[in-house]
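Only the coordinates and a few stated rules stand behind these numbers; no lab work does. Here the structure is a predicted model, which is why all the values come from computation and not from measurement. All Cβ positions, glycine included, derive from the backbone under ideal geometry; neighbour counts span all protein chains shown.
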Amino acid sequence: MSSNLPSPTILGEPRCLWAAGATLGEGTLWSPSEQALYWVDILGCTLYRYAPASGARAQWQFDEEISSLAERRHAPGLTVTLRSGFAHFDPASGALTRLHDPEADQPGNRFNDGKCDALGRYWAGTMDFGATRPTGALYRFAPDGGCERMDTGYAVSNGPTWSADGRTLFFNDTVHQRVNAFDFDLASGTLSNKRLWLKLASGDGYPDGMTTDAAGRLWICHWGGACVTCHDPQTGEELARVKLPTAHITNVAFGGEDMRTLFITSARYELSAEQLAAQPLAGSLFAVQTDSPGVAAHQFAG
């Protein structure tokens, strides 16, 4: 089956914005109001902020792993996932308010990737810290504090994103190279009809973070694959590939004034000394221009 959408155009080569040397860069979030990108180093327990117009940088240190981010709809600051669950964090004041830990009984797990749906519920996945046991799950955290486990069986979970019409949720079973799709009911926040949507080819890495552009195409990071690929949401056909100068590509978000800049994080984790010598930009924040805009991330409604 051929693609129903045109291929996007990649304008130029990716450029390094911040050679942060992150152990595990992740959690890209563009703030339209601040015109800045937030991102994290999960294993470095660090939150970063980068403002492209001025080049200004800031960072905040945490006492545990921080993995994903959402802006708050009705209050300043961010809602985040930490190793110990959901929390509010205000970068302006440094105030951290812990909200809920759904896996307090699983100290070997941690949160990983997450995003909010159009009604402001936070969908986030957990994983085994050793990335081997299928103890991770997908959670739906509501603005009123209610939290439900929506799917289970993940050694490493990644990349919730939605189709342009909001009727499909995509979620990655990373270690099995699978991008799964679910029918998604926005009103009820329920999932059904879990199915394989895309399986990465052997040698092409593992699906990590991902996002959806305004046309509905999916952009998927390849851990171990040194690239981001763009796919038709119906057929899964690859429409474009952005090659990066380091192997572990982890998360991606559109931003910039016209939402046509693709921001990309990477990791140094599990690279040998020889690999690190050959990949000096491992753990950097990158950006590349496209001819296709993305859409702003939904905010947490709590």
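Work the Kirkwood hydrodynamic radius out for region 175-227: mean of 1/r over every pair of different alpha-carbon atoms, inverted, in Å.
Values: mean 1/r = 0.0801 Å⁻¹.
Result for region 175-227, one decimal place: 12.5 Å.
Return the calculated 222 nm mean residue ellipticity for the chain, to the nearest 500 deg cm²/dmol, obtained by summing -39500 (n - 2.57) across DSSP H runs with n ≥ 4 and dividing by the residue count.
Values: 1 runs with 6 residues, N = 302.
One gets -500 deg cm²/dmol as the mean residue ellipticity at 222 nm.
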*asked:* Explain nothing, just compute: Karplus ³J(HN,Hα) = 6.51 cos²θ - 1.76 cosθ + 1.60, θ = phi - 60°, for every residue of region 296-302 in order, whole Hz, x for Gly and Pro.
replied: 5, 5, 5, 9, 6, 8, x
_Simple label model, 7 Å out from Cα along Cβ direction - Val295 to Asp258, nm_ = 2.1
*Return a whole-number percent for the relative contact order of region 10-290, with Cα pairs under 8 Å and 6 or more residues apart as the contact set.*
17
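If each residue of separation counts as 0.36 nm, what is the full-extension length gain between Ala92 and Ala240 once their alpha-carbon separation is subtracted? Don't jump to the answer; show the numbers that get you there.
Working: separation 148, 0.36 × 148 = 53.28 nm, distance 3.83 nm.
Result: 49.4 nm gained on full extension.
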*asked:* Could you list Met210, Met259 so that the one with the fewest beta carbons within 10 Å of its beta carbon is first and the one with the most is last?
replied: Met259, Met210
*Taking 0.36 nm per intervening residue step and subtracting the Cα-Cα distance, what contour gain separates Arg167 from Lys194 on full extension?*
8.4 nm
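Among Trp162, Trp219, Trp18, Trp60, which comes first, then next, by fewest other beta-carbon atoms within 10 Å? Please list the in-between numbers first.
Working: Trp162 24, Trp219 27, Trp18 20, Trp60 16.
Final ranking by Cβ density, sparse to dense: Trp60, Trp18, Trp162, Trp219.
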*asked:* Show me, for region 258-267, the HN-Hα J-couplings you get by feeding each phi into the Karplus relation (A = 6.51, B = -1.76, C = 1.60, θ = phi - 60°), rounded to Hz, glycine and proline as x.
replied: 9, 6, 10, 8, 9, 8, 9, 9, 8, 9
*Going by how many other Cβ atoms sit within 10 Å of their own, how do Glu270, Glu26, Glu238 line up, fewest first?*
Glu270, Glu238, Glu26
*Ordered by residue, what ³J(HN,Hα) values in Hz, to whole numbers, does region 268-277 give under the Karplus form 6.51 cos²θ - 1.76 cosθ + 1.60, where θ = phi - 60° and Gly and Pro are x?*
9, 4, 6, 8, 6, 4, 5, 5, 5, 5
*Of Gly21, Gly205, Gly146, which is the most mobile in a GNM of the chain whose springs link Cα atoms less than 10 angstrom apart?*
Gly146
*With springs connecting C-alpha atoms under 10 Å apart, model the chain as a Gaussian network and identify which of Thr46, Thr211, Thr97 has the largest mean-square fluctuation.*
Thr97
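Could you work out the mean projected area of the convex hull around the alpha carbons of the chain, in square nanometres to one decimal?
Values: hull surface 57.8 nm².
The directionally averaged projection comes out at 14.4 nm².
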*Asn158's amide H: which non-local residues (gap 5+, or another chain) put their own amide H closer than 5 Å, with H modeled 1.01 Å from N in plane and none for Pro or chain starts?*
Asn172, Thr174
